[in-house]
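The values are calculated or read from the model by the stated rules, or taken from the named source; none is laboratory data. Note that the structure is predicted; figures quoted are calculated from it, not measured. Reconstructed Cβ throughout: ideal geometry from the backbone, glycine too, with neighbour counts over all protein chains shown.
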Amino acid sequence: MVEAVQGAKVVVTGAGGGIGAALARRFAGQGAQVVVNDLDADRAEAVAEEIGGIAVPGDASRVVPEALDALGGRIDVYCANAGVGRDGGEPGGPLDEQGWTLSWDVNVMAHVRAAHALLPDWLERGSGRFVSTVSAAGLLTMIGTAPYSVTKHGAYAFAEWLSLTYRHRGVKVHAICPQGVRTDMLTDSGSAGELVLRPTAIEPEDVAEALFRGIEEDRFLILPHPEVAEYYQARAADPERWLGGMNRIQRHWEATR
């Protein structure tokens with residue numbers, strides 16, 4: 001059992017399946033009281049019933065007030081897990097501004113809105129835990145989807161800012177950055193996901209396990225795929241070489257689709 005989350009009041013967004021459901025199950029298994037949020041009310045209800053949690057379906061950007069009511073006015077851990085992987089069109093081609101707007105709203109602004117709602121109470125009592133499901137794309141990038149790559153960089157930057165700004169005031173922040181995970185999002189990622197992510201994809205439960213190890217060790221950066229640390233270092237040390245390598249993957253993808 002992880003002492004830091006025993007008896008905690010927890011919110012997990014996008015918890016109707018995939019990583020979110022795995023996180024909700026793991027927190028509940030540690031004795032936490034869990035609000036299960038998802039746009040799909042039936043899926044939220046199913047997971048909540050399974051784990052003895054509370055379903056609060058709806059937009060992840062607006063869940064905090066209703067979740068507070070459901071949890072008796074207190075949230076100890078907030079998992080900003082809901083995400084979208086929309087394609088916004090390639091430069092020079094049709095521009096899907098709706099895809100960009102949705103990606104920005106769900107992948108970044110939902111985190112910002114949640115933190116804005118939670119921080120006053122957390123800072124007053126000197127404790128709180130914000131978990132951001134980012135993606136390795138937030139540290140590196142992903143071929144084939146500019147909106148996902150750009151907004152996941154934004155999600156990582158916001159989590160980093162929260163941590164450096166408030167850690168001395170008792171707020172803990174964790175950024176989870178996996179590569180491929182066997183979820184609906186991987187299935188929907190098409191040929192780019194099949195090429196880049198599928199070969200090393202892990203289960204959602206592996207992501208939850210990595211988070212709980214990180215909580216025990218009080219680590220900000222959670223890497224369910226440890227090799228991402230090497231890629232991140234290589235990217236920083238020699239951007240030209242890294243970009244050249246990624247461009248080779250891009251060209252291979254273009255040749256095979």
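Considering ALA201, ALA208, ALA192, the condition of being surrounded by 12 or more Cβ atoms within 10 Å (Cβ to Cβ), more than 30 Å from LEU118 (Cα to Cα), of a type in the set (Gly, Ala, Ser) and touching a Lys or Arg at 6+ places or on another chain (Cβ under 7 Å) is satisfied by ALA201 alone. For segment 161-171, the criterion of a residue being outside any loop (DSSP other than H, G, I, E, B), among the basic types (Lys, Arg), under 20 Å from the mean Cα position of the chain (by Cα) and surrounded by fewer than 20 Cβ atoms within 10 Å (Cβ to Cβ) is satisfied by at least one position.
Considered as a group, the residues in segment 96-105 that are surrounded by fewer than 24 Cβ atoms within 10 Å (Cβ to Cβ) and of a type outside the set (Phe, Trp, Tyr) include one that is nearest to the chain's Cα centre (by Cα), and that residue is ASP105.
Return yes or no: is ARG251 in a helix (DSSP H, G or I) and more than 25 Å from GLU160 (Cβ to Cβ)? Criteria met by ARG251. Counting the residues of segment 172-189 that are in a helix (DSSP H, G or I) and crowded, with 16+ Cβ neighbours inside 10 Å gives 2. From the list GLY18, GLY7, GLY53, the one residue that fits, being in contact (Cβ under 8 Å) with a residue 40 or more places away in the chain and in contact with a strand residue (DSSP E or B) (Cβ under 8 Å, 6 or more places away or on another chain), is GLY18.
Restricting attention to segment 143-157 and to residues that are surrounded by 23 or more Cβ atoms within 10 Å (Cβ to Cβ) and farther than 19 Å from GLU194 by Cα, the residue that is farthest from the chain's Cα centre (by Cα) turns out to be THR151.
Here's the yes/no breakdown for (1) of a type in the set (D, E, K, R); (2) touching an Asp or Glu at 6+ places or on another chain (Cβ under 8 Å); (3) under 26 Å from ALA4 (Cα atoms):
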| position | (1), (2), (3) |
| --- | --- |
| ASP96 | yes, yes, no |
| GLY138 | no, no, no |
| THR145 | no, yes, no |
| GLY154 | no, no, no |
| ALA159 | no, no, yes |
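Would you pick out the residues in segment 209-236 that are touching a Pro at 6+ places or on another chain (Cβ under 9 Å) and part of a helix (DSSP H, G or I)? Listed by number, the residues that qualify are GLU209, ALA210, LEU211, VAL228. Taking every residue in segment 222-237 that is under 16 Å from THR141 (Cβ atoms) and pairing it with any residue that is polar (S, T, N, Q) and surrounded by fewer than 14 Cβ atoms within 10 Å (Cβ to Cβ), at least 6 positions away or on another chain, the pairs with Cβ-Cβ distances below 7 Å are HIS225/THR200.
No other residue among ARG74, ARG26 is touching a residue at least 24 places away in the same chain (Cβ under 8 Å) and more than 26 Å from TYR156 (Cβ to Cβ) apart from ARG74. Among the residues that make up segment 125-133, is at least one of them part of a helix (DSSP H, G or I), of a type in the set (Phe, Trp, Tyr) and touching a Lys or Arg at 6+ places or on another chain (Cβ under 9 Å)? No; the residues of segment 125-133 include none that is part of a helix (DSSP H, G or I), of a type in the set (Phe, Trp, Tyr) and touching a Lys or Arg at 6+ places or on another chain (Cβ under 9 Å). Evaluate segment 196-215: report whether one residue or more is more than 21 Å from ALA22 (Cα to Cα) and in contact (Cβ under 8 Å) with a residue 40 or more places away in the chain. Yes; the residues of segment 196-215 include at least one that is more than 21 Å from ALA22 (Cα to Cα) and in contact (Cβ under 8 Å) with a residue 40 or more places away in the chain. Residues that are aliphatic (A, V, I, L, M) and not in a helix (DSSP H, G or I) were ranked within segment 197-208; the one that is farthest from LEU186 (Cα to Cα) is ILE202.
Yes/no matrix, rows are residues, columns are (1) at pLDDT below 95; (2) farther than 25 Å from ARG169 by Cβ; (3) of a type in the set (Gly, Ala, Ser):
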| residue | (1), (2), (3) |
| --- | --- |
| ALA15 | no, yes, yes |
| GLN33 | no, no, no |
| ASP40 | no, yes, no |
| ALA48 | no, yes, yes |
| ALA110 | no, no, yes |
| ALA115 | no, no, yes |
| PRO120 | no, no, no |
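All conditions in (1) in contact (Cβ under 8 Å) with a residue 24 or more places away in the chain; (2) in a helix (DSSP H, G or I); (3) over 20 Å from GLY20 (Cβ atoms) hold for GLY144, with the sole exception of (2).
Which of the residues spanning segment 111-142 are of a type in the set (Lys, Arg) and crowded, with 20+ Cβ neighbours inside 10 Å? Selection gives ARG129 alone.
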